[in-house]
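Asks: Pasting in a structure now, in structure tokens, and then I'll have a few things to ask.
Throughout, read-outs are computed from the coordinates displayed, never taken from laboratory work. Values in this document were obtained by computation on a predicted structure and should not be read as measured data. We place every Cβ from the backbone using ideal geometry, glycine too, and count neighbours over all the protein chains shown.
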């Protein structure tokens with residue numbers, strides 16, 4: 001994008017385009033769920049500051065890695081200790 | 001028919017804002033700007049001006065509110081001085097980056113410390129690089145005219161930038177002068193209703209003031225710089241149009257008795273009046289002097305300035321602010337830079353004078369003229385001299 005392509009005052013005319021921003025790029029650690037321990041309470045879903053945790057078809061939870069920054073709040077809040085962070089290797 | 005009425009210049013300035021039919025005013029009172037804010041609040045309270053008058057707890061809030069109202073599509077005005085400008089300065093830079101066509105009168109006053117309420121240009125130089133259009137008026141009529149024109153220029157879709165009208169504190173703000181006040185019909189024919197290019201509207205949402213990562217910030221600054229530079233011909237066009245309407249045409253650089261002059265004084269703001277009187281007297285004594293007044297400080301009118309000083313041997317710049325430890329007052333530093341590419345540039349002698357309300361009378365211009373001759377004769381024109389300081 002060149003300077004000539006910017007709108008006056010750098011206004012962004014497309015609403016809600018923050019959703020395109022891949023905050024998952026910030027991540028160095030990734031949360032993984034242990035289904036043996038998970039009681040499907042949804043505390044991780046509620047506490048996720050980026051709304052990056054969704055419910056799977058079988059009522060467990062997973063992180064949307066496009067947005068998940070790997071902050072670890074879900075790990076900290078999980079009642080049964082079912083979530084742990086693993087190193088991103090890619 | 002326009003009326004010519006004796007009034008305080010601050011009242012004349014508020015009349016211009018009333019006639020511009022602003023939608024929103026957010027300001028915090030500070031000497032010497034207070035009378036403008038007071039008078040505008042009376043207009044709103046009396047129903048003479050249909051606007052939101054938003055009293056705020058600080059100038060930082062004043063400029064923040066102005067950004068909000070302007071972003072919502074309201075014609076917006078504020079005014080301040082000195083410490084008030086310093087406090088709002090954070091948002092002053094944001095207003096120009098967001099290209100919000102706010103109009104502000106700055107009643108120029110020195111910055112603390114020591115605490116001083118009196119007039120110089122220290123405050124405006126604090127925000128020299130804030131990206132606003134910055135113009136200086138010399139008398140009450142000019143302040144009235146420039147303020148009305150400021151709305152039209154700022155809101156022009158080729159410009160869309162905030163506009164700062166500089167008015168010397170006390171020397172102008174508290175002086176009673178005859179001012180020709182236009183009638184509403186004439187103003188309405190000149191100044192159309194503000195038509196925002198973008199505005200905050202829940203039915204048509206946009207993002208204003210988004211952040212920029214390093215891979216885009218440089219492009220935003222280039223766009224902002226080009227935008228400010230491109231405002232110059234529009235400013236000239238609108239001042240011409242105003243001239244056809246009123247008989248008073250303003251120019252980015254104006255000269256007085258410059259014909260045949262070997263030396264020109266260079267001033268900004270109200271000093272132009274006294275300097276004219278001094279030039280008259282010195283011309284009677286046979287001295288080849290004239291005057292060059294910089295009306296438009298940003299965008300700086302390089303071409304007009306070069307034309308104004310063509311063939312002149314010496315420029316005596318009267319600076320009204322200090323760049324401590326720097327190359328000279330901000331105006332002289334700018335002018336030396338502007339002359340650098342010329343093959344035979346005039347010599348520049350820089351005096352810092354009139355700080356914090358210290359009088360600079362016609363006799364002082366004569367004294368500076370002779371002092372400049374001495375400095376040139378001795379070959380010592382580098383840097384600057386603080387005129388009249390007690391050694």
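Asks: Determine, for B:350, B:156, B:123, B:215, the number of other Cβ atoms within 10 Å of each Cβ, and report the residues in order from fewest to most.
Replies: Sorted ascending by nearby Cβ count, the order is B:215, B:156, B:123, B:350.
Asks: Would you work out if the range B:115-266 is rounded, prolate or oblate? Take a ≥ b ≥ c from the square roots of the eigenvalues of the alpha-carbon gyration tensor; rounded if a/c is under 1.5, else prolate when a/b is larger than b/c, oblate otherwise.
Replies: prolate
Asks: Then there is this: Label the range B:34-170 by shape, choosing from rounded, prolate and oblate, from the square roots a ≥ b ≥ c of the eigenvalues of the Cα gyration tensor; if a/c is under 1.5 it is rounded, and otherwise prolate applies when a/b is larger than b/c, oblate when it is not.
Replies: rounded
Asks: Let me ask another. Of all DSSP beta bridges located in the protein assembly as shown, what percent are antiparallel, nearest 5?
Replies: Just about 35 percent of them are antiparallel.
Asks: Pairing the Cα long axis of helix B:9-19 with the longest principal axis of chain B, what angle in degrees results, from 0 to 90 and rounded to the nearest 10?
Replies: 40
Asks: Would you please classify the overall shape of the range B:253-386 from the alpha carbon gyration tensor, given that a ≥ b ≥ c denote the square roots of the eigenvalues, rounded means a/c under 1.5, and beyond that prolate means a/b larger than b/c while oblate covers the rest?
Replies: Since a/c stays below 1.5, the shape of the range B:253-386 is classed as rounded.
Asks: Just want the ordering: B:161, B:200, from fewest to most Cβ atoms lying within 10 Å of their own Cβ.
Replies: B:200, B:161
Asks: If I model chain B as equal point scatterers sitting on the Cα atoms and use the Debye formula, what is log10 I(q)/I(0) at q = 0.11, 0.13, 0.14 Å⁻¹?
Replies: -0.77, -1.07, -1.23
Asks: Another one. Averaged across the residues of A:64-77, what count of C-beta atoms belonging to other chains lies within 10 Å of each residue's C-beta?
Replies: Taking the mean over all residues of the peptide, I get 0.
Asks: Using the 10 angstrom Cβ neighbour count as an exposure proxy, how do B:121, B:60 rank, fewest first?
Replies: Listed from fewest to most nearby Cβ atoms, that is B:60, B:121.
Asks: Across all directions of projection, what mean area in square nanometres is found for the Cα convex hull of the protein assembly as shown?
Replies: Averaged projected area of the protein assembly as shown's Cα convex hull equals 30.6 nm².
Asks: From the helices alone, meaning DSSP H stretches of at least four residues, give me the mean residue ellipticity at 222 nm for the protein assembly as shown, per-run term -39500 (n - 2.57), in deg cm²/dmol to the nearest 500.
Replies: -11000 deg cm²/dmol
Asks: With springs only between Cα atoms under 10 Å apart, run a GNM on chain B and tell me which of B:249, B:341, B:314 wobbles the most.
Replies: B:341
Asks: Across the residues of B:219-226, average count of Cβ atoms on other protein chains within 10 Å?
Replies: 4
Asks: Among A:51, A:19, A:63, whose mean-square fluctuation peaks in a Gaussian network model of chain A (Cα, cutoff 10 Å)?
Replies: Highest fluctuation of the listed residues: A:19.
Asks: Between 0 and 90 degrees, rounded to the nearest ten: what's the tilt of helix B:330-339 against the longest Cα principal axis of chain B?
Replies: Roughly 70 degrees, rounded to the nearest 10.
Asks: Running a GNM on chain B with Cα contacts under 10 Å, which residue among B:58, B:189, B:14 ends up with the highest mean-square fluctuation?
Replies: Maximum among the listed residues: B:189.
Asks: Give the angle, between 0 and 90 degrees and rounded to the nearest 10, that separates the Cα long axis of helix B:362-378 from the longest principal axis of the Cα atoms of chain B.
Replies: 60
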